[in-house]
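*Asks:* Okay, here's the structure, questions in a sec.
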Amino acid sequence: MESDEGDEQQQEAERLPLSQRPEWSDVTPIPQDDGPNPVVPIAYKPEFSETMSYFRAVYYSDERSSRSFQLTKEAICLNPGNYTVWHFRRQIIETLHTDLQDELAFVGRIAKSNSKNYQHHRRWVAEKLGTGAVNKELQFTKKMLSLDAKNYHAWSYRQWVLQALGGWEDELDYCQILLGEDIFNNSAWNQRYFVVTRSPLLGGLIAMRDSEVNFTIEAILGNPENESPWRYLRGLYKDDTESWINDPRISSVCLKVLSTKSNYVFALSTLLDLICHGFRPSEEFREAINALNTPDSGPLDSDLGRAICRVLECVDPLRCNYWLWRKSKLPLTVSSQ
Amino acid sequence: MHNGSNLASTYCALAILKAVGYNFANIDSKSILTSMRNLQQHDGSFMPIHFGAEKDLRFVYCAAAICFLLEDWSGMDRERAKAYILNCQSYDGGFGLTPGSESHGGGTYCAVASLRLMGFIEDNVLSKNTSSSIIDLPLLLSWCLQRQAADGGFQGRANKPSDTCYAFWIGSVLRMLGGYNLIDKEALRGFLLTCQSQYGGFGKCPGDLPDLYHSFYGYTAFSLLEEPGLNPLCAELGMTEFSALGI
């Protein structure tokens, strides 16, 4: 009933028009009704129009047969974005009880060339297969991500698999591997946060915080110009600003980066945020900023927050207006460090 | 049900009708709104169609825009929708398309525009001194502004290349919050012009051939930049102010 695996391309090359196939001779195709005055009619290829006209015929008569099933495959290959076809295919699967593993394989082949439209269908099949499908689905998304490590749909599907079917055991390791390949991969950082905060095997954010802070600081020191770990570091202290400003490692990494006098924009903005939330910087911070010798006019502000803003206006000129605005919003402090 | 409605198609249809000045009194709002209520999920999100599909912020936006255009909020539970949106704010301040997913320009637009349309974010909120906001505003602002890359264009996610359309998605968020003047407009303009095709229209990246999608968002981005000759934009609806107001 179902054709051989992977023959979709072969089908395309050898396609016999449906009107010439004896098994379809009893069916009257239903053309698309674009109304009397189509405004922007699409120039469909003849094989596309024909396939969809036959699809409409079996869809409207709700014929859930093996020839309909084969037809949905052809229609999907021509346009995987047609959710009505996918939906009817699911209805046929329910009626005929076709093989679900074969179905995953089919979706996998479609997904390779069309990385977006498979998701709901795949999810539906996986749910029917239950927790037994976990490894296969994690493998599938891993394959998609090996082609494009930032594929949004693959990540979103992977997150669904973990939450619906489980399989958290190796996820932190997987993030570690991806970050090892590309420390700038923001999707991998996001997934790390997902695992650390939601995995039932890890104990939650607060339990994981210490080791995560250490890992993140290493990443920052390796590439201080990388936005992702800076955001991640802040995220580790989400809803707990008090702990954030009191963790000496945070201000310490800012100071370390400042002392290198290169790639220090995020170090400066993080320090600014710390100060705005109540952090009281010691003298060495002022010294580090003085030492930057930015092409700025005159002596540095006595208020460290203002001084930082002025440096940022200079060294992050794209966001000059923002730093001016931040400066204007700083609380007026009389005391200076 | 062989020709069930689709939330995204409904939104597009109504937006087009609005843009061409169609009289909305002729539209069967009641059916649309009833049908829509059945698409909202328990967690506040929306599916686009009744027989099952993805559910994410895009469809929450479609729902909010439809209610706004029809001037009738019976089509959705705004509080639940708000709760879902808030769950989509990532640890870095931007919004993902679903809770837990990576913050993304399109997701952030859908989140903020929906909250604006539903009335949960006031006008020019950044210029107000209220420190309380249902979303982490300072973090969102920082995230949005960091999306402007060295080439002047906007990226959709951290550490990804700039793309014409994010000048609208992210630019609109900044406009809606009252922070559009914080970007580097000249740098953005420069980037966008390199994405303009010699044949007209805009592509995704400098030198790309043009497509309708990037052309549309290229123009809306220039509208936000107040380019002479272009009409002012209603950021929440992605159409001109004139269209939105029914002029």
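*Asks:* Under 5 Å between amide H atoms, partner at least 5 residues away or on a different chain: which partners does B:Gln41 have, H built in plane at 1.01 Å?
*Replies:* B:Phe46, B:Met47
*Asks:* With everything on Cα atoms, drop me the angle between helix A:66-78 and the longest principal axis of chain A, reported from 0 to 90° to the nearest 10.
*Replies:* The helix A:66-78 is inclined about 40 degrees to chain A.
*Asks:* Karplus couplings for the range B:5-19 from phi (6.51 cos²θ - 1.76 cosθ + 1.60, θ = phi - 60°), rounded to Hz, Gly and Pro as x?
*Replies:* Calculated HN-Hα couplings, in order: 6, 10, 4, 5, 5, 5, 4, 4, 4, 5, 5, 5, 4, 4, 5 Hz.
*Asks:* Taking the 0 to 90 degree range and rounding to the nearest ten, how far is the long axis of helix A:152-165 tilted relative to the main principal axis of chain A, both from C-alpha atoms?
*Replies:* 80 degrees
*Asks:* Please work out whether chain A counts as rounded, prolate or oblate from its C-alpha gyration tensor, where a ≥ b ≥ c are the square roots of the eigenvalues and a/c under 1.5 means rounded, while otherwise a/b larger than b/c means prolate and anything else oblate? Walk me through the intermediate numbers first.
*Replies:* Numbers: a/c = 3.70, a/b = 2.43, b/c = 1.52.
Note, shape of chain A comes out prolate.
*Asks:* In nm, to one decimal, how far is the A:Cys320 label point from the A:Glu63 one, both placed 7 Å along Cα→Cβ?
*Replies:* 7.0 nm
*Asks:* How long are the three semi-axes of the equivalent ellipsoid for the range A:154-259, computed from the Cα gyration tensor as the root of 5 times each eigenvalue, in whole Å, largest first?
*Replies:* On the way: eigenvalues 125, 54, 21 Å².
After scaling each eigenvalue by five and taking roots: 25, 16, 10 Å.
*Asks:* May I pose another question? Could you work out the relative contact order of the range B:7-245? I mean the mean sequence separation of Cα pairs under 8 Å and 6+ apart, divided by the number of residues, in percent. Intermediate values should be presented prior to the final figure.
*Replies:* Details: 399 pairs, mean separation 35.0, N = 239.
Relative contact order, the range B:7-245: 15 percent.
*Asks:* Rounded if a/c is under 1.5, else prolate if a/b is larger than b/c, else oblate: which is the range B:114-247, with a ≥ b ≥ c the root eigenvalues of its Cα gyration tensor?
*Replies:* Oblate is the answer for the range B:114-247, as a/c is 1.5 or above yet b/c matches or exceeds a/b.
*Asks:* Per residue, what volume in Å³ does the convex hull of the Cα atoms of the range B:7-245 enclose? Before the final figure, lay out the partial values.
*Replies:* Details: hull volume 31.1 nm³, N = 239.
Convex hull volume per residue, Cα atoms: 130 Å³.
*Asks:* Just to confirm my numbers, what's the Cα centroid distance between the range A:276-296 and the range B:1-42 in Å?
*Replies:* 56 Å
*Asks:* How far, in degrees from 0 to 90, does helix B:166-177 lean away from the longest principal axis of the Cα atoms of chain B, to the nearest 10?
*Replies:* 70 degrees
*Asks:* Give the residue from A:Leu78, A:His97, A:Leu138 lying farthest towards the positive end of the charge dipole for the range A:69-223; charges sit on Cβ (+1 for Lys and Arg, -1 for Asp and Glu) and the dipole is referred to the Cα centre.
*Replies:* A:Leu78
*Asks:* At what distance in angstrom do the alpha carbon centres of the range B:85-163 and the range A:118-172 lie from each other?
*Replies:* Answer, in whole Å: 27.
*Asks:* Summing -39500 (n - 2.57) over the DSSP H runs of n ≥ 4 in the protein assembly as shown and dividing by its residue number, what mean residue ellipticity at 222 nm do you reach, to the nearest 500 deg cm²/dmol? Each step should come with its number before you reach the end.
*Replies:* Numbers: 28 runs with 325 residues, N = 584.
Taking each H run of at least 4 residues, the total per residue is -17000 deg cm²/dmol.
*Asks:* So if I place +1 on the C-beta of Lys and Arg and -1 on the C-beta of Asp and Glu, and nothing else carries charge, what would the dipole magnitude of the protein assembly as shown be about its Cα centre? I want it in debye, nearest 20. Numbers along the way, then the final one.
*Replies:* Working: 54 positive and 70 negative charges, 180 e Å.
In debye, rounded to 20, the protein assembly as shown gives about 860.
*Asks:* So, one more: From the phi angles alone, apply the Karplus equation (6.51, -1.76, 1.60; θ = phi - 60°) to the range B:103-111 and give each ³J(HN,Hα) in whole Hz, x where the residue is Gly or Pro.
*Replies:* Karplus-based 3J(HN,Hα) across the range B:103-111 equals 5, 8, x, x, x, 5, 4, 4, 5 Hz.
*Asks:* What are the ³J(HN,Hα) values, in whole Hz, obtained from phi via the Karplus relation 6.51 cos²θ - 1.76 cosθ + 1.60 with θ = phi - 60°, for each residue of the range B:20-33 in sequence order, with x given for Gly and Pro?
*Replies:* After applying 6.51 cos²θ - 1.76 cosθ + 1.60, I find 8, x, 5, 7, 5, 5, 7, 8, 7, 5, 3, 5, 4, 5 Hz.
*Asks:* Once Rh for the protein assembly as shown is found with the Kirkwood sum over Cα pairs, what is the Stokes-Einstein diffusion coefficient at 10 °C and 1.306 mPa s, in µm²/s?
*Replies:* In µm²/s, the coefficient is 60.
*Asks:* At 7 Å along the Cα-to-beta-carbon direction for both A:Asn290 and A:Gln32, put a label point, then send me their distance in nm to one decimal.
*Replies:* 7.3 nm
*Asks:* A further question follows. Counting alpha carbon pairs within less than 8 Å and at least 6 residues apart, what relative contact order, in whole percent, applies to the range B:190-247?
*Replies:* Details: 69 pairs, mean separation 10.3, N = 58.
It comes to 18 percent, rounded to a whole number.
*Asks:* Dipole of the protein assembly as shown (Lys/Arg Cβ +1, Asp/Glu Cβ -1, origin at the Cα centre): which of A:Thr260, B:Met36, B:Gly96 lies farthest to the positive side?
*Replies:* Going by the Cα projections, it comes out as A:Thr260.
*Asks:* Something else now. Taking a probe of 1.4 Å, how large is the accessible area per residue of the protein assembly as shown, in Å²? Walk me through the numbers on the way to the answer.
*Replies:* Values: 26430 Å² over 584 residues.
Normalised by residue count, the accessible surface of the protein assembly as shown is 45 Å².
*Asks:* While we're here: Share of the range B:7-245's accessible area from carbon and sulfur, percent, 1.4 Å? Show your work: numbers first, answer last.
*Replies:* Details: 5060 of 9470 Å².
The computed percentage sits at 53.
*Asks:* Among B:Ala13, B:Ala25, B:Ala81, determine the one that fluctuates most according to a GNM of chain B built with springs between C-alpha atoms less than 10 Å apart.
*Replies:* Maximum fluctuation in the GNM of chain B, among the listed residues, is at B:Ala25.
*Asks:* For B:Ser31 and A:Glu14, what is the calculated FRET efficiency with R₀ set at 45 Å and r taken between the beta-carbons, to the nearest 0.05?
*Replies:* Numbers: r = 46 Å, r/R0 = 1.02.
It comes out at approximately 0.45.
*Asks:* Using the Cα atoms of the range A:207-337, I'd like the radius of gyration and the largest Cα-Cα distance, Dmax, both in angstrom.
*Replies:* Computed over the Cα atoms of the range A:207-337, radius of gyration and Dmax are 14.3, 47 Å.
The values are calculated or read from the model by the stated rules, or taken from the named source; none is laboratory data. No experiment lies behind these values; they were computed from the predicted model shown. Quick reminder, even Gly has a Cβ in these numbers, built from the backbone with ideal geometry, and neighbours come from all protein chains shown. Heads up: the accessible areas ignore ligands, DNA and RNA and are worked out on the full protein's heavy atoms, side chains in. Shrake-Rupley method; radii C 1.70, N 1.55, O 1.52, S 1.80 Å.
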